[in-house]
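The values are calculated or read from the model by the stated rules, or taken from the named source; none is laboratory data. Note that the structure is a prediction, hence the values are computed from the model and not measured. Here the Cβ positions follow ideal geometry from the backbone for every residue, glycine too, while neighbour counts run over all protein chains shown.
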Amino acid sequence: MEEKILVVDDDPDVLEALKVVLESRPYTVITARDGLEGLEKVRQGNPDLIILDLLMPRLDGFGVVRALKEDPRYAKYSEIPILILTAVREEASRRRYELETGLAMDVDDYVEKPIAPEELLRRVEKLLTKRRKGG
């Protein structure tokens, strides 16, 4: 069965590029342009992996992580691996999340843009393999 990957980013060029790269493998790619749409797509499609930008309108990536990891309404999705793909430096993002929530940002991988397609595919496969093995 093909694994589903949800890509959440407000930049249509980034969405298209990631879709092309990911679909070079047997993955089904679902896209969303902001965090609210992303959470809706999680509920509709229960993806195997989420690739998430942090800086977006309406609901940013920090809000999506917070909802998936802490909101009881999303408890059944809390095990979906999250790969952050953003232009924001990791240290700054983690510090901001901790300041806003008092918690460490619980994500499975963190990549700063730009990323080479081969590296993205390697990291995606690593997370999906870990999920297949049950964590």
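Yes or no, residue by residue, for (1) buried (at least 16 other Cβ atoms within 10 Å of the Cβ); (2) at pLDDT below 95:
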residue	(1), (2)
I82	yes, no
A116	no, no
E119	no, no
R122	no, no
E125	no, no
L128	yes, no
G135	no, yes
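Before we move on, is L83 part of a helix (DSSP H, G or I), in contact with a helix residue (DSSP H, G or I) (Cβ under 8 Å, 6 or more places away or on another chain), in contact (Cβ under 8 Å) with a residue 40 or more places away in the chain and of a type outside the set (V, I, T)?
Values: part of a helix (DSSP H, G or I): no; in contact with a helix residue (DSSP H, G or I) (Cβ under 8 Å, 6 or more places away or on another chain): yes; in contact (Cβ under 8 Å) with a residue 40 or more places away in the chain: yes; of a type outside the set (V, I, T): yes.
Judged against the criteria, L83 is not a match.
Can you name the strands (runs of 3 or more DSSP E) wholly within the stretch 2-76 that have at least 1 residues being surrounded by fewer than 18 Cβ atoms within 10 Å (Cβ to Cβ) and in contact with a strand residue (DSSP E or B) (Cβ under 9 Å, 6 or more places away or on another chain)?
3-8, 27-32
With L59, L55 as the choices, which residue is under 13 Å from the mean Cα position of the chain (by Cα) and modelled with pLDDT of 95 or more?
L55
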